[in-house]
Amino acid sequence: MLYSTIISRDETGFNQIWSAAQEFEEQNVLEAILSCKFTKKKLEQTLNLVRMYQSRLNIESMDLVEFSETFIEEYATDHNKCFHITEKLIRRIGTTITGSMKIFRKFCPVVRRRLDDVGNIVPVLDYSRLTFRQFQGQFFGIEVYTGLVKTVLHELATFFYHLITTLKVCKDMIRQEQEVMGDYERLKKIFEKSCDKVLKCVREVNETFGQIKIISDEELSERRKNARPMREWLVPEYHAHDKKWLRREGIILRLVSGNQYGLDDMACMLWAKNPEWGRKVCDVVVKLDSLHIPFKQSKKAAAQGKKGTFDGRVMAYLLKWSKVSSVSPDGKVIDEVNEKRFYQYIQTIYKGEYLFPTWPAVCGERRLCYDHEIPVQEMADSFAVYLRQQDIAA
């Protein structure tokens, strides 16, 4: 008879190895040693096998724990192929699963029959004495093996303890994934956060090496015509794609969503999560001349035929009112690059009679506000005052 150590790399196989690991008891080992007539040599071989796979289990379990800390909070993952979560996890601890099956194989009875057909190939978990609960009562009576047997028992107990702990991490991740899939709002936040992360990398590459076109105009036009509501695909496609897909899809979705509000591509990325607000900001920027914002006379403005330069402090307030940057609880800017990008952008759409102060000047005014502990909301409200004076919705 031939014992097969192959286990299906899916939910069925995972449940089988989980159930078998739960069955481990010292009596099972002693019964196996007795019934399978272990020799000293076989005991030593078994001990070496267990120790070898214990070391590999340690490595894979550490990698698994690290993977579990980020996996749930990522909408798409870096895998060459995309599998169901159980398949992903089994592949991540593949050596551990293989080693476990070989250990179970060591404790199968020896049955010598001719292998006339495939019917003689049986699953190892069905025959391993480690999964049995029927004991003969008399375990090991040969004293010369006692010390070695105790060592084998100890190493096996350690291995199965760590195996069960590792499998529990897998089960917990499966549970967490199911919980996230049942919470649309949480999953939406995970998707947006994941998009922010991968698109930030795209921006950094573009700023370093020049603009790289990820999506053709034809593809974008086609997606605009056939845009799917997010509720149709957000849940079923969670953890079903890699980050390359997310990079393309994130850009397409943000462009399509922003275009519906009349935003150009740059504005779509600046207000990716709130394109309706982005439309309001752009409308206000176009009308800045009508807000009676304080300005200063400057030679540079005069040389360009402009009336003057906008007040730097008010421009710092505009940054906060526009909601383009992330801030910490104490009001400090987290993503200053996004604010700078916004400031550069509004200068391209503004066609009025004033100049904008330089970026360093605006940063200096913003820093003074922080130093005087002016809350971010108060800075935003200070700009909104100009809108209310002109009956423009804030």
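The values are calculated or read from the model by the stated rules, or taken from the named source; none is laboratory data. Please read these numbers as outputs of a predicted model, since none were measured by experiment. All Cβ positions, glycine included, derive from the backbone under ideal geometry; neighbour counts span all protein chains shown. Surface areas here come from the heavy atoms of the whole protein model, side chains and all, with no ligands, DNA or RNA. Shrake-Rupley method; radii C 1.70, N 1.55, O 1.52, S 1.80 Å.
Tabulated data
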| item | result |
| --- | --- |
| Subset of the stretch 348-370 (residues that are open to solvent by 50 Å² or more (accessible area, probe 1.4 Å) and not in a helix (DSSP H, G or I)) | Lys351, Glu353, Thr358 |
| Among the residues listed as Val118, Val65, Val110, Val124, the single one being within 26 Å of Ser35 (Cα to Cα) and at pLDDT 80 or above | Val124 |
| Count of the stretch 1-24 residues which are open to solvent by less than 60 Å² (accessible area, probe 1.4 Å), touching a residue at least 40 places away in the same chain (Cβ under 8 Å) and part of a loop (DSSP other than H, G, I, E, B) | 6 |
| Only listed residue being among the charged types (D, E, K, R) and within 26 Å of Cys195 (Cβ to Cβ), chosen from Glu44, Glu60, Glu73 | Glu73 |
| Hey, Glu373 modelled with pLDDT of 90 or more and surrounded by fewer than 17 Cβ atoms within 10 Å (Cβ to Cβ) or not | no |
| Residue that is nearest to the chain's Cα centre (by Cα), among those in the stretch 296-324 that are touching a residue at least 24 places away in the same chain (Cβ under 8 Å) and open to solvent by 90 Å² or more (accessible area, probe 1.4 Å) | Lys323 |
| Any chance Tyr53 is part of a strand (DSSP E or B), touching a residue at least 60 places away in the same chain (Cβ under 8 Å) and surrounded by 14 or more Cβ atoms within 10 Å (Cβ to Cβ) | no |
| Failed item, numbered, when Trp233 is tested on (1) touching a Pro at 6+ places or on another chain (Cβ under 9 Å); (2) closer than 23 Å to Gly182 by Cα | (1) |
